[in-house]
Amino acid sequence: MIKRNTGFSNLTAGYLFPEIAKRRREYAAAHPDAKIISLGIGNTTEPLTPHIAKAMSDYALSLGTKEGYSGYGDEQGNTALREKIASVFYKDIVRADEVFISDGAKCDIGRIQTLFGRDVNVAVQDPAYPVYVDGSVVYGAAGANNGNGYNGITYMSCSPENNFFPDLSKIKANSLIYFCSPNNPTGAVASREQLKSLVDYANKNGCIIIFDAAYFCFIRDDKLPKTIFEIEGSRTCAIEVNSFSKPAGFTGVRLGWSIVPSELVYEDGTPVKNDWNRVMTTLFNGASNIAQAGGLAALDDEGLKEMKGLVDYYLENARLIKSVLTADSFKNAGVEVYSDGNAPYLWVRFPGKKSWDIFDAILDQCHVVTTPGSGFGPAGESFVRFSSFGHRADVEEACKRLANLKI
Ligand SMILES: *Cc1c(COP(=O)(O)O)cnc(C)c1O
């Protein structure tokens, strides 16, 4: 019989979110009257905005006409969309031919690993979005879990003690470094100086940074960098993955992009961009043209205004949750809230407690679902993540209940 890919047998425990769903289900079954509110999974909740939705609807209808029909699109994605992304989001510090349109950032993070094979070293922020590590295990770049993490992965601890920026000296030479800013789950945003030190380290040590900027639209502090390509030296050491999922509510529509600079090369001098083009044309056949029509609409004046409104809405939710969790009763109990208004997540520490115990206590007392920090990596223990993705009325109700949480 055919052998199972050992990567799958090396993956331990369930993926975090199915475990949360299971606990929620079990709790709901035992407490049928509980009105459970989710501040857990990082999924958008507000409807698509009118201008962007109409553009997709019009495009879909036009596909039903002789004049409007189109099949497979351009290799790297709709040319006009690539140009718009380069000019609007990147102010032309990247070129349109360095933009690759995709069905989302997570999908790109998965596919990117095919470029580097199983021999590459991998470094991740700890805590981190699970796909960086789980994808590395599936592809064989990381081995079995030894109880403290997967063999072959360098976990870079990010905590309040180091201002959520890791000790880079731990990273081995020639590593693939996954770096997410604004960070999921901590909400921390790296400063220009911090990213410069990361870029300098990568260039000096033959590393490539996979920079996940999926939350860049949440950055409201103008001093903070929104893309790795604002940093000098990044073009020889970084790939950026990004997405319309969070700013435009495209989590279900599916549209993202990656930037691979022409100067980025492997050890043998081959441009990484050439192979990425190969991956995108051989293993992927382009994003939906309907979604791309939505992306184009999102980048005109009306669309940009709508996206800003959506992001503002979630940021206001985050502010409401923060104001409850920073009340004196929590402060006196030692609860620490990390959230500086540039991300949709609040990263909250309950010193001396286990993440899953806090998760269970909040579910039991408040009927609110959160995400246990330990699910994002060992450094997440004692934290839970509160997501601001939710309808305002639900967030307000959740806040009322959380105010009475006894910990
Ligand atoms: C939501 C999210 C994404 C977006 O993934 P898509 O596949 O584009 O929906 C990427 N990275 C992080 C860290 C995220 O939280």
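Read-outs: derived from the displayed coordinates by stated rules, not from any lab. All values derive from a computational prediction rather than experimental measurement. With ideal geometry, Cβ positions are generated from the backbone for all residues, glycine too; neighbour counts draw on all protein chains shown.
Checking every one of the trypsin sites (Lys or Arg not before Pro) in segment 309-354 against DSSP loop status and a limit of 16 other Cβ atoms within 10 Å picks out Lys354. Step through the table entries Lys22/Lys331; Lys91/Lys196; Lys66/Lys273, compare each Cα-Cα distance with 28 Å, and write down the pairs that go over it. Over 28 Å apart, Cα to Cα: Lys22/Lys331; Lys66/Lys273. Of all alpha-carbon pairs in the chain, indicate the percentage at a distance above 39 angstrom. That tail contains 18 percent of the Cα-Cα pairs. Only one residue of Gly295, Ala238, Ala142 has its Cα farthest out toward the positive end of the dipole of the chain, where Lys and Arg carry +1 and Asp and Glu -1 on Cβ, and that residue is Ala142. For segment 260-344, the square roots of the Cα gyration tensor eigenvalues, ordered a ≥ b ≥ c, give a/c of at least 1.5 with a/b no greater than b/c, which places it in the oblate category. For segment 101-202, take the convex hull of the Cα atoms, compute a quarter of its surface area, and give me that in nm², please. Convex hull of Cα atoms, orientation-averaged projection: 6.9 nm².
In terms of the mean number of neighbouring beta-carbon atoms within 10 Å, the peptides 288-295, 199-206 order highest first as 288-295, 199-206. Leaving out same-chain residues fewer than 8 places away, which aspartates and glutamates sit with a Cα under 13 Å from that of Lys322? Candidates past the 8-residue exclusion: Glu336, Asp340, Glu396. Stokes-Einstein, applied to the Kirkwood radius of segment 221-372 over Cα pairs at a viscosity of 1.002 mPa s and 20 °C, places its translational diffusion at 111 µm² s⁻¹.
If you take the alpha carbon atoms of segment 1-70 and fit the smallest convex hull around them, that volume is 260 Å³ per residue.
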